[in-house]
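Notes follow the structure.
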Amino acid sequence: MVWDWNGTLLHDIHVVLEATNAAFGELGMPVLTLDSYRDLFCVPIPKFYERLLGRLPTDEEWVVMDGAFHRHYFARIERTALTEGAADILSAWSGAGGTQSVCSLAGHDHLADWLTRLDIHHHFARVDGHPGTGPRQGKADQMVRHLAALRGVDPARTVVIGDATDDAVAAAAAGARAVLYTGGSHSRRSLSAAGVPVVDTLEEAVEVAGDIVS
């Protein structure tokens, strides 16, 4: 199993929304409700801003927008925690002999630090976060590299669990399957467009993943 981080294993959607609206307030952009955020959010992130502005941001605007969001997000990050049941799910999957890893668009160093801090790093055969700065253009290429680096892992028997349609796109690019979770960045309606199973809990996600590869 390959796990997404933000919005999947890490329950941070409310902090993400607060940080987004705080950044938008600085930039004179409209405040979003949780429902409107989930309906509009997409990857790559500049496309999300295009849905709000009616145009893609310039490179200069992107730097300001991205910087404002991350400043507000990291000021609130101590209020985030693992999604309910996540620690037990990770332990159970490892205990049953399953392998698991993390592939995320979060900055790699930050991601590695959080997995260690939350004492779940030992469950993962590999952890790959975003290696640099700038707009995240989607996870597909990163997922292909991630699975290729996992020796002995068959992509056809691998399931990606995430909270965004981009996770399903990335899984397909790597020859894997996907299950999408409604507790993060997307509405159920948005996720359903990906054409893969959509679930409301991580427990359900693991059950469906097990059925897929059995």
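The values are calculated or read from the model by the stated rules, or taken from the named source; none is laboratory data. What you see is a predicted model, and the numbers here were worked out from it, not measured in a lab. When we count neighbours, we look across all protein chains shown, and the Cβ atoms used for this are built from the backbone with ideal geometry, even at glycine. Just so you know, the surface numbers come from the protein's heavy atoms only, side chains and all, with ligands and any DNA or RNA stripped out. Shrake-Rupley method; radii C 1.70, N 1.55, O 1.52, S 1.80 Å.
Identify all residues within the stretch 168-211 that are over 19 Å from SER104 (Cα atoms), assigned to a helix (DSSP H, G or I) and open to solvent by less than 60 Å² (accessible area, probe 1.4 Å); write none if there are none.
SER190, VAL208, GLY210, listed by residue number.
Here's the yes/no breakdown for (1) exposed (fewer than 15 other Cβ atoms within 10 Å of the Cβ); (2) closer than 19 Å to GLN137 by Cβ:
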site: TRP5; (1), (2): no, yes
site: LEU9; (1), (2): no, no
site: THR20; (1), (2): no, no
site: VAL31; (1), (2): yes, no
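Find all pairs meeting these conditions: Cβ atoms under 6 angstrom apart; at least six residues apart or on different chains; first residue within the stretch 116-129 and over 14 Å from LEU10 (Cβ atoms); second residue open to solvent by 30 Å² or more (accessible area, probe 1.4 Å) and not small (Gly, Ala, Ser).
ALA125/THR99
Taking the stretch 101-133 as the region of interest, how many residues are open to solvent by 20 Å² or more (accessible area, probe 1.4 Å) and not in a helix (DSSP H, G or I)?
Number of matching residues: 13.
If you scan the stretch 36-58, which residues turn out to be outside any helix (DSSP H, G or I) and either of a type in the set (A, V, I, L, M) or open to solvent by 50 Å² or more (accessible area, probe 1.4 Å) (or both)?
Answer for the stretch 36-58, where residues must be outside any helix (DSSP H, G or I) and either of a type in the set (A, V, I, L, M) or open to solvent by 50 Å² or more (accessible area, probe 1.4 Å) (or both): VAL43, GLY54, ARG55, LEU56, THR58.
Those residues that are part of a helix (DSSP H, G or I), touching a residue at least 60 places away in the same chain (Cβ under 8 Å) and over 20 Å from TRP114 (Cα atoms), I need them from the stretch 144-167; list them, please.
Let us first name the residues in the stretch 144-167 that are part of a helix (DSSP H, G or I), namely 144-149, 155-157, 165-167.
When the remaining residues are screened for being touching a residue at least 60 places away in the same chain (Cβ under 8 Å), the result is 146-147, 165-167.
Result: LEU147, THR165, ASP166, ASP167.
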